[in-house]
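*Asks:* Let me give you the structure first, and then I'll get to my questions.
Any read-out appearing in this document is the output of simple, stated calculations on the displayed coordinates, not a laboratory observation. Everything numeric here is computed off the predicted structure, so don't read it as measured data. Here the Cβ positions follow ideal geometry from the backbone for every residue, glycine too, while neighbour counts run over all protein chains shown.
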Amino acid sequence: MPGAYDGFSARLIERAGFGAAMLTGSGVSESRLGQPDVGIAGLAETVGAARDIAACVDLPLIADADTGYGNAVNVFHAVRSFERAGVAGVMIEDQVWPKRCGHLAGREVIPAHEMAGKVAAAVDARESDEFVVIARTDAAGPLGIEAAIERANLYAAAGADVLFADALASVEEIGQFAREAEGPVAVNMGFAIRTRRTTPLLSARQLEQLGVAVMIVPRMLTAAAARGMQLALDVLTESVETGEVIEREDLLLSFEELNELMGLADVQILEQRFLTDAQLAVKYGQRD
């Protein structure tokens with residue numbers, strides 16, 4: 001599941017043929033608020049993003065619900081809010097709030113049984129049995145892989161559908177977690193280049209061979225979009241400084257491609273169906 005964070009990314013993921021996407025919490029915080037993934041984005045911002053993105057694609061979305069924004073009661077409310085926003089599931093984690101990106105230093109985890117209560121609340125809150133609850137543990141870093149496996153199995157007993165240990169430090173840890181966790185396992189993976197010093201970079205096929213059921217790639221599109229915007233701005237700066245027009249088709253979607261991606265043709269079909277002939281004549285200069 002690639003990480004979606006806005007309408008562009010969700011439509012492109014759907015266009016590329018992926019069967020589902022992860023609504024990345026870091027992407028929402030970074031793109032909507034311009035803030036790092038350290039617990040600044042709350043329930044309202046993330047549910048709002050989920051509702052907007054779910055409305056523009058048919059793609060099933062799993063929303064990153066962070067810690068559930070409080071205790072088990074808050075988790076119950078959060079799950080109801082996300083499900084009614086149109087997503088297909090949520091991921092909740094056992095970090096202390098305010099949480100932080102699982103690949104940053106300084107992570108802390110709540111007691112395991114407290115998190116099990118959150119998972120049970122999430123499962124009870126969902127209105128459809130098809131709504132997926134992913135239980136994430138960040139215990140591998142501060143407490144070790146054995147603690148992460150023990151916690152994951154406790155969360156499975158509480159009803160979690162998928163188990164996820166973030167920031168596993170080696171291929172061996174990924175394999176051990178996949179073998180010993182009592183349920184389908186998800187792994188957070190980078191892509192193309194490695195700039196962090198936690199989970200090793202593996203392909204989907206390699207992860208599948210280790211027994212992993214789900215690979216999420218949450219930061220790929222945010223990082224790619226930021227790099228693309230940076231490169232385009234560099235070219236604009238060059239044009240300003242040299243006084244020359246620079247055309248670089250490799251940097252941008254064309255105007256037509258962008259409109260096609262956003263579904264402008266669907267809008268035009270609706271216009272033809274529902275606007276009067278007089279309205280169409282004014283809008284498009286049509287003549288009898």
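*Asks:* Where does helix 7-16 land angle-wise versus the long Cα axis of the chain, in degrees 0 to 90, nearest 10?
*Replies:* 80 degrees
*Asks:* Okay, moving on. With everything on Cα atoms, drop me the angle between helix 112-125 and the longest principal axis of the chain, reported from 0 to 90° to the nearest 10.
*Replies:* 50 degrees
*Asks:* How high is the relative contact order of the chain, given as a whole-number percent (alpha carbon pairs under 8 Å, six or more residues apart)?
*Replies:* It comes to 15 percent, rounded to a whole number.
*Asks:* I want to verify the translational diffusion coefficient of the range 82-170 in µm²/s; compute it with Stokes-Einstein, Rh as the Kirkwood radius over Cα pairs, at 4 °C and 1.567 mPa s.
*Replies:* 98 µm²/s
*Asks:* Here's another thing I want to ask about it. Under 5 Å between amide H atoms, partner at least 5 residues away or on a different chain: which partners does residue 93 have, H built in plane at 1.01 Å?
*Replies:* The list, which skips near neighbours in sequence, is 67, 68, 136.
*Asks:* Also, I was wondering about something else. For residue 259 and residue 157, FRET efficiency with R0 = 45 Å and r from the beta-carbon atoms, rounded to 0.05?
*Replies:* The calculated FRET efficiency here is 0.35.
*Asks:* Let me ask something else about it. Would you work out the Kirkwood radius for the range 166-236? I mean one over the mean of 1/r across all pairs of different Cα atoms, in Å.
*Replies:* 13.5 Å
*Asks:* Quick check on the chain: helices-only [θ] at 222 nm, where DSSP H runs of length 4 and up contribute -39,500 (n - 2.57) each and the sum goes over total residues. Nearest 500, please.
*Replies:* The helix-only estimate for the chain comes to -14000 deg cm²/dmol at 222 nm.
*Asks:* So if we plug the beta-carbon distance of residue 268 and residue 209 into 1/(1 + (r/R0)^6) with R0 = 45 Å, what FRET efficiency do we get, rounded to 0.05?
*Replies:* 0.45
*Asks:* Could you tell me how far the Cα centroid of the range 41-114 sits from the Cα centroid of the range 1-25, in Å?
*Replies:* Centre-to-centre distance over Cα atoms comes out at 17 Å.
*Asks:* Compute the Kirkwood hydrodynamic radius of the range 167-288, taking the inverse of the mean of 1/r over all pairs of distinct Cα atoms, and give it in Å to one decimal.
*Replies:* Result for the range 167-288, one decimal place: 19.5 Å.
*Asks:* Continuing with this model, one more query. To the nearest 10 degrees, how steeply does helix 171-180 sit against the main Cα axis of the chain, on a 0 to 90 scale?
*Replies:* Once rounded, one gets 70 degrees.
*Asks:* Gain in length, residue 276 to residue 35, computed as 0.36 nm per residue apart minus the alpha-carbon separation, to one decimal in nm?
*Replies:* Separation in residues times 0.36 nm, less the Cα-Cα distance, equals 82.1 nm.
*Asks:* Could you please report the charge total around residue 158, scoring K, R as +1 and D, E as -1 over all other residues with beta-carbon less than 12 angstrom from its beta-carbon?
*Replies:* Combined, the nearby Lys, Arg, Asp and Glu give -3.
*Asks:* Regarding the chain, what's the average projected area of the Cα-atom convex hull, expressed in nm²?
*Replies:* Across all orientations, the chain yields a mean hull projection of 19.0 nm².
*Asks:* Quick check on the range 97-148: what does the Kirkwood estimate of hydrodynamic radius come out to from the alpha carbon pairs, in Å?
*Replies:* By the Kirkwood definition, the hydrodynamic radius is 12.5 Å.
*Asks:* Determine the sum of side-chain charges near residue 118: Lys and Arg each +1, Asp and Glu each -1, restricted to other residues whose C-beta is under 10 angstrom from that of residue 118.
*Replies:* -3
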